[in-house]
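The values are calculated or read from the model by the stated rules, or taken from the named source; none is laboratory data. A quick note: this is a predicted structure, and the numbers were derived from the prediction, not measured. Cβ atoms come from the backbone with ideal geometry, glycine included; neighbour counts cover every protein chain shown. With ligands, DNA and RNA removed, areas are computed over all heavy atoms of the protein, side chains included. Shrake-Rupley method; radii C 1.70, N 1.55, O 1.52, S 1.80 Å.
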Amino acid sequence: MAFIPEEVIQEIRQQTDIVDVISQYVSLSKSGSNYIGSCPFHEDRNPSFSVHTEKQIFKCFSCNRGGNVFGFLQEIEGIGFVEAVKQVAEFSHVPVDSRYFEGQNQRQDRYQELYRIHQEASDFYHYYLTKTTNGEEALTYLSDRNLSQETLETYQVGLSPNKSEVLSQYLLGKGFSAQQLVESGIFYLNQREELVDRFHGRIIFPLRNARGQVVAFSGRIYNFEHQAKYLNSPETPIFEKNDLLFNLDQARLAGRQHNRVLVTEGFMDVIALSQAGFANSVATMGTSLSRKHLQQLTRIAKEIVFVFDGDRAGQKATIRGFELGKKFQDTVFKTIYIPGQLDPDDWIREQGAASFQGLIDTAETEYEFYREFLKKEYSLDTSQGLADYIERLIHVIADVQSPIERTILIKDLVNEYQVDEKLLEEQLAVAMYEKEHAVLDHGSIPLQTPPEEAPVFDTASEISDYVPQDSMEYCPAALQAERQIFVCLMYHNEAWEFIEQLENPPYMFHPQSQDFFFRLQEYYYERGNPMPLTDIVNEMDDPSLNAFVTSLIWDFEVLDYEEQVLVDCLKVIDREFLKQEINLLKEKLSDYERQQRYNEVNATITKIMTLTRQLKADY
């Protein structure tokens, strides 16, 4: 892994004006000593994005993203910290020893020739389609398919000559060896040891990685002389089908602005959607949607909409998407149903882009999808079939996070099928208990939620997704207390002296806060940095932590040190842990009562009473 000395990072930051960098992406206007503009990370009708010139940080007061110049590039370009430092250095013409980036660039340097071959081939294919008479038939075919000239340029659509030697001679003339051409996957050797372009005679669609580099190709027939409709590059050191999402590099910005990404089954759907104005579309490359895919997408938007075919295969893909999505608690997953089993391109041609937008706006939640899908699995005109159907839906409802939403859905079943509400609530309680203990197995439709991972928070409003319901109202106070502690530690040596005198080191209520506390300790003690410790923001390579620290620097007014402030803040956090423990015990108590485990019931009541007395004593 690359290591860049702190003094090098500081030099790059000091010689860079964050306004100049952000201005490459956002139209900024001066407002007092700062600059404002529309946030590039979401749809922002009322400019809420601000750049602080003195502190050299940015913050959006709507979506709460924030950070320094490195954090901005990480967010907007979807790159790592080291790559962001490198790009800022290049932008500001700050000379940096290349060895600092060796770890970061090792893989790219090793395969640089593969990237070059693909880019040269892509340029050649595009030129052959658009600038030669040999491309006229293919151009006519693409025009008949309603692909505009602008779309051909955006996606650099090309054409492979019928004769393989045309491209091979071109690339050999560029200095590449025959072995390198074979390793690229574009060529293979026939029995006569001749280089053969595996895409010859096909329309070419370049496949780009998340950074916009061409890493592979997909070739499509257009004159019906080939058997396979589509032919993709084989996997190479720079191309793995299970990782690549078509159009991710171009969909990233639109996805952030709309806070929504559309996931389709094929790249032609993406091209059609993009041409119709839906630039936030991506597609898998002939493989099933994977957790790796969702990890990339959930960093961009909080709503993922599946746009799969209405056939059985498409429904299976939707089910898989919903199941994988359960691991991402902070993201909403939906699906749209296109009437008549049309693909997006056909629907838009027949009904228009506005109609397709309407389908997106009314996309179905997981429950709504299963409510219709399961009707095909059971005979609802029989009492047994209806009972089985409702039972399956109850297990779907058990996965819903919001208790209010669960109540609404239960009432929906009651009203539609005139079933006793109390009975359904009891069945739901059993389903949730069984789900928690992972004892269900419902065959082809997965209905269990994978174990949760501890989330991190950027703002107080996000806490409600993590804290038990009964104590949810207190979480913003806990977060505010943690933030106040950090401000004291960043500006006052006396705060560290107070921490040292504590019998036990403080433990923060939220995982992100605890992570930052450990980093701040290291920054102060092991690195010996002087007050204030605000420059730690420049070492936060995680965008969410970068935004968290930026909010501390931006939001808080620095006051004189008061020990009582720290004492009060730590009490607030301790109370939150007590309340959390009480709520967990209450949940266990309900389980024990339902199971008639009376010894555990009595012991749990005693614990709850003890903790409740302790809680009241602290007020």
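Descriptive notes on the structure:
- Placing a pseudo-label 7 Å from each Cα along the Cα-to-Cβ vector at K435 and E136 gives an inter-label distance of 6.3 nm.
- Among F239, T407, F548 - extreme Cα towards positive end, dipole of the chain, charges at beta-carbon: F239
- Simple Cβ-charge dipole of the chain, Lys/Arg +1 and Asp/Glu -1, about Cα centre, in debye nearest 20: 1260 debye
- Helix-only [θ]222 nm of the chain, DSSP H runs n ≥ 4, -39500 (n - 2.57) each, per residue, nearest 500: -15500 deg cm²/dmol
- E391/L231 FRET efficiency (R0 51 Å; Cβ-Cβ; nearest 0.05): 0.65
- Loop-located trypsin sites (Lys or Arg not before Pro) across the range 540-600 with a Cβ neighbour count of 15 or fewer within 10 Å are R597, with loop assigned by DSSP.
- Cα lying deepest toward the dipole's positive end in the chain, options S218, I36, G66, charges on Cβ: S218
- The range 263-321 and the range 556-570: distance between their alpha carbon centers, rounded to Å: 49 Å
- Cleavage-rule hits (GluC sites (Glu not before Pro)) in the range 183-240: DSSP loop, at most 10 neighbouring Cβ within 10 angstrom: E193, E225
- Put a plus charge on the Cβ of each Lys and Arg, a minus charge on the Cβ of each Asp and Glu, and nothing anywhere else: the dipole of the range 306-356 about its Cα centre is then about 340 debye.
- Peptides 75-84, 253-262 ordered by packing proxy, namely the average of other Cβ atoms within 10 Å per residue, highest first: 253-262, 75-84.
- Whole-percent carbon and sulfur share, accessible surface of the chain, 1.4 Å: 46 percent
- For the range 107-209, the Kirkwood hydrodynamic radius from C-alpha pairs, put into Stokes-Einstein at 4 °C and a viscosity of 1.567 mPa s, yields a diffusion coefficient of 91 µm² per second.
- 1.4 Å probe accessible area per residue over the chain, in Å²: 49 Å²
- FRET efficiency estimate (nearest 0.05) - Cβ-Cβ, D515 to Q596, R0 35 angstrom: 0.25
- Fully extended contour minus Cα-Cα distance, from V166 to K327, at 0.36 nm per residue: 53.1 nm
- Sites E240 and K30, calculated FRET efficiency, Cβ-Cβ separation with R0 51 Å, nearest 0.05: 0.65
- Here the range 224-306 is assigned +1 on the Cβ of each Lys and Arg and -1 on the Cβ of each Asp and Glu. Its dipole about the Cα centre then comes out at about 400 debye.
- Normalised per residue, the volume of the convex hull around the Cα set of the range 213-326 (Å³): 121 Å³
- Within the straight-line cut-off of under 25 Å between alpha carbons, the lysines reachable from K86 are K55, K59, sequence neighbours fewer than 8 places apart in one chain being disregarded.
- Lys/Arg +1, Asp/Glu -1 at C-beta; the range 284-360 dipole; positive extreme among A313, P344, T331: T331
- Segment A210..N46, full-extension length gain: 56.1 nm, with 0.36 nm per residue of separation and the alpha-carbon distance subtracted.
- Highest-first arrangement of 196-209, 373-386, where packing means the average Cβ count within 10 Å: 196-209, 373-386
- Computed over the chain, Kirkwood Rh from alpha-carbon pairs, angstrom: 28.2 Å
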